[in-house]
Amino acid sequence: MNEIPKKMRGVYLKGHGDFDMLELRDDIPVPNPGPNEVLIKVGAAAINNTDINTRKAWYSKGESDSDDASWSGDSIKFPRIQGADVCGQIVSVGKQVSNQRLNERVLVEPCLTEVDGVSLKQAWYFGSECDGGFAEYTVVASKHAYAIKSEFSDVELASFPCSYSTAENMLTRAKVSAGERVLITGASGGVGSAAIQLAKARGAKVIGITGPEKADKVLNIGADEVLMRSDSVVGKLGENSIDVVIDLVGGKQWPELLDVLKHFGRYAVAGAIGDPHVKLDIRTLYLKDLSLFGCTVLEECVFSNLIKHIENRNIAPLVSATYPIEEIVKAQQAFLEKKHIGKIVITINSNC
C-alpha cells in the first residue's frame, strides 16, 4: 500500500455564498483517525442538494442570519470539506479498530450518530457538521464505514449512500408494504429515483411526478405510472386513492398530496426544493387520521438494509455524469440545471 501523505487535494467551502466560496487546494492536512475512526482513501463522492443548500445558507430560518444554516440547525465551522456520498478504501485505522479492516472497500453512512467513540445527542451529517468526502482522504467513525462487496465501480457505488438511504428511511418510516400505491414527487432526482427502485423492491405500485422531458426515463427506472408536475394530482388520481406519499418537493401542490391520501394514509418528507412553506388545512390532517413523518435521521436498520440491496443487485446505480474534483463548480452548475436523472459524481482518486 502506498504511504499516506501529509497533505492532500480537496475542496474547501470557505463560507456561505456563491461558487467563489468553493476553493480547490492541494495543501489540506490529511486527517488522522482517532481511536475509534478509520481513514478512507476516497474514490468518488456524489453531489447532493445539501451541498448546495449549505453553501447558500438555505437552511437558515432567519432573513440574514446564517448561524443556523445547516440541516441540523447548528452553525457551520469554516473551512468545511463537504461531500456526504463516499465510496473508498480504508487505509488506516485508530487504536481501538481492528487491523482487519485495512483495505476494506466501504461506503460511508452519511447520517452520523457517533464521532470518534462519542455518541451524539443530535445526529450530524457527513460533510456538514464534520468534514466529508470532497478530498483525497477522509475520516469517520468505524461503525459508519460499511464494508461492501460489489462489482460496481467507485463512481457507481458513490451514487447510493445519501439518496438511497434517505429514500429507504422514508419508506421504512412510512411502513410501505407490498400492494400499496405510493406517490413520489421529484421522481427523477437522486432520492426520487432511488425511492422508485426501493418501493418496487417492496412490491408497491409506484406513481412518479416529474417533467415531460423525463417521463420515459422515470418509467424505465420502474415507475408504473407518471404524472406531470403541471398536472392536478387530485384530478388525475382522485381523492383518497394513495396509501403513501413520498415527498421531496413541497411547494404549491402540497395540499393536494394530503387530499389524495386514503384515510389512515402516511406522508413522508425529506426535501422542499419546490418551496419549504406550504398551506396546511389541519382538518384534512385529523379528519383523515393521517400520519406525517419528517425524515432526516436514519433508522438503525436502514443503511445495513441498503448494503444488502446493493450486494444482492435489487437496485441499480443511476449515474448521470462524472466530473473530476477540479471541476466541482461545473458539476454543481450541472446539478442545479436539474436536467439529469439520478446522480452527478465527483471522481477523487483516479486509481481507485
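Hey, can you tell me all the residues within segment 1-30 that are open to solvent by 70 Å² or more (accessible area, probe 1.4 Å) and not in a strand (DSSP E or B)?
Passing the criteria: Met1, Asn2, Glu3, Lys6, Lys14, Asp18, Asp20.
Taking the conditions exactly as written (closer than 23 Å to Arg173 by Cα, in contact with a Phe, Trp or Tyr (Cβ under 6 Å, 6 or more places away or on another chain) and either β-branched (Val, Ile, Thr) or in a strand (DSSP E or B) (or both)), does Ala194 satisfy them or not? If you could, list the steps in order and put the result at the bottom.
Values: closer than 23 Å to Arg173 by Cα: yes; in contact with a Phe, Trp or Tyr (Cβ under 6 Å, 6 or more places away or on another chain): yes; either β-branched (Val, Ile, Thr) or in a strand (DSSP E or B) (or both): no.
When the stated conditions are applied, Ala194 does not pass them.
Could you check Lys217 against (1) part of a loop (DSSP other than H, G, I, E, B); (2) open to solvent by 20 Å² or more (accessible area, probe 1.4 Å); (3) at pLDDT below 95 and say which number it fails?
All conditions are met except number (1).
Counting only residues that are modelled with pLDDT under 95 and open to solvent by 40 Å² or more (accessible area, probe 1.4 Å), which one in segment 284-300 is nearest to Lys149 (Cα to Cα)? Talk me through it step by step, then tell me what you get.
Keep residues of segment 284-300 that are modelled with pLDDT under 95, which gives 296-300.
Retained after the next criterion (residues that are open to solvent by 40 Å² or more (accessible area, probe 1.4 Å)): 296-297, 299-300.
Values: Thr296: 27, Val297: 25, Glu299: 23, Glu300: 21 Å.
Once the filter is applied, the top-ranked residue is Glu300.
Conditions (1) in contact with a His (Cβ under 7 Å, 6 or more places away or on another chain); (2) among the hydroxyl-bearing types (Ser, Thr, Tyr); (3) at pLDDT 80 or above, marked per residue:
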{"site": "Ile47", "(1), (2), (3)": "no, no, yes"}
{"site": "Thr50", "(1), (2), (3)": "no, yes, yes"}
{"site": "Trp58", "(1), (2), (3)": "no, no, yes"}
{"site": "Gly62", "(1), (2), (3)": "no, no, no"}
{"site": "Ser66", "(1), (2), (3)": "yes, yes, no"}
{"site": "Ile76", "(1), (2), (3)": "no, no, yes"}
{"site": "Gln82", "(1), (2), (3)": "no, no, yes"}
{"site": "Gly94", "(1), (2), (3)": "no, no, yes"}
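Having 1 or more residues that are touching a strand residue (DSSP E or B) at 6+ places or on another chain (Cβ under 7 Å), closer than 23 Å to Glu180 by Cβ and in contact (Cβ under 8 Å) with a residue 60 or more places away in the chain is the bar; report the helices (runs of 4 or more DSSP H) wholly within segment 227-318 that clear it.
Details: elements: 233-237, 254-259, 282-287, 302-311.
By residue number, 254-259.
When both residues are 6+ apart or on different chains and their Cβ atoms are under 6 Å apart, which pairs have a first residue that lies in segment 159-185 and is of a type in the set (Asp, Glu), and a second that is in a loop (DSSP other than H, G, I, E, B)?
Glu180/Ala204
Among the residues that make up segment 251-259, is at least one of them open to solvent by 20 Å² or more (accessible area, probe 1.4 Å) and small (Gly, Ala, Ser)?
no
Any idea which of Val345, Val329, Val319 is open to solvent by less than 50 Å² (accessible area, probe 1.4 Å), under 20 Å from Phe152 (Cα atoms) and not basic (Lys, Arg)? Can you show your working first?
Working: Val329 fails: under 20 Å from Phe152 (Cα atoms); Val319 fails: open to solvent by less than 50 Å² (accessible area, probe 1.4 Å).
On inspection, the qualifying residue turns out to be Val345.
The values are calculated or read from the model by the stated rules, or taken from the named source; none is laboratory data. Being a predicted model, the structure only gives us computed values, none of them experimental. Methodologically, a virtual Cβ is constructed for each residue, glycine included, from the backbone with ideal geometry; neighbour enumeration extends over all protein chains shown. Accessible surface areas use protein heavy atoms only, side chains included; no ligands, DNA or RNA. Shrake-Rupley method; radii C 1.70, N 1.55, O 1.52, S 1.80 Å.
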